[in-house]
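Notes for the one structure printed next.
The values are calculated or read from the model by the stated rules, or taken from the named source; none is laboratory data. Just so we're clear, the structure is a prediction, and the values are computed from it rather than from any experiment. A quick note on method: Cβ atoms are made from the backbone with ideal geometry, for glycine too, and the neighbour counts reach across all protein chains shown.
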Amino acid sequence: MNLSFAFFINSILLGVGLAMDAFSVSLANGLSEPCMKKKKSLGVAGVFAAFQFLMPMIGWLIVATAQHIFGFLENVIPWIALALLLIIGGKMLREGIEHKDEYVCRPYLTIGALLVQGVATSIDALSVGFTIASYNVFESLLACGIIGAVTFLLCFCGILIGKKVGTALAGKASVFGGIILILIGLEIFITSWL
């Protein structure tokens with residue numbers, strides 16, 4: 001077992017890197033729903049953290065069991081993330097434009113939309129299975145746990161920031177949130193080809 005200081009630093013940095021998309025989506029969620037209760041904010045951050053924990057573990061399992069399957073998935077992942085974020089972002093954008101002059105603090109984020117966001121922002125984390133392929137089961141679980149914890153903290157902060165800004169922007173927040181999600185989807189797609 002190689003639980004050195006570098007192991008923990010690498011896991012934290014990996015968590016920060018992987019959590020950036022989820023942080024941005026959390027920011028958009030806070031923008032779109034500035035009246036989100038603290039309990040829901042914690043739950044939303046928890047869902048993103050769970051996906052960021054699970055995806056690298058699934059990637060590790062794929063690498064450990066059938067690496068040839070992963071090669072196919074690696075080419076499809078950016079397309080899936082792009083499609084999911086374009087759908088959600090487009091819906092938010094449309095709703096924001098249709099209701100731009102009316103501000104009603106209503107719950108926006110449904111469990112279905114949250115799960116789609118969780119998949120879309122974490123699907124690229126499957127590739128982390130390659131970087132942790134040499135870890136044993138315990139080390140992999142620990143690294144993924146650290147990634148999940150970092151994601152949780154960043155996403156919760158993103159929601160809080162988005163709520164503050166969302167309250168100030170009132171009815172325009174959904175438009176900005178939709179644009180952010182679309183840009184994240186495009187960024188994931190474009191950077192996967194560079």
Fill in the blank from the handout: Apart from one, (1) modelled with pLDDT under 80; (2) under 20 Å from Thr191 (Cβ atoms) all hold for Lys100; the odd one out is (2)
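Over 11 Å from the mean Cα position of the chain (by Cα), polar (S, T, N, Q) and over 23 Å from Ile179 (Cα atoms): is that true of Ser41 in this structure?
Values: over 11 Å from the mean Cα position of the chain (by Cα): yes; polar (S, T, N, Q): yes; over 23 Å from Ile179 (Cα atoms): no.
Answer is no for this residue.
Collect the residues in region 22-60 that are among the charged types (D, E, K, R) and outside any loop (DSSP other than H, G, I, E, B), keeping them in residue-number order. It would help to see each step written out before you state the result.
Narrowing region 22-60 to residues among the charged types (D, E, K, R): 33, 37-40.
Passing the criteria: Lys38, Lys39, Lys40.
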Completion exercise
Of the conditions (1) assigned to a helix (DSSP H, G or I); (2) at pLDDT below 85; (3) out of contact with any Asp or Glu (no Cβ under 9 Å at 6 or more places or on another chain), the single one that Ile77 does not satisfy is (3)
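From the list Leu27, Leu14, which one is under 22 Å from Ile161 (Cα atoms), surrounded by 15 or more Cβ atoms within 10 Å (Cβ to Cβ) and in contact (Cβ under 8 Å) with a residue 24 or more places away in the chain? I'd like the intermediate steps shown before the answer.
On the way: Leu14 fails: under 22 Å from Ile161 (Cα atoms).
Result of the check over Leu27, Leu14: Leu27.
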Exercise for the section: Residues being at pLDDT 85 or above and not basic (Lys, Arg): count how many of those fall in region 136-184. Expected result: 27
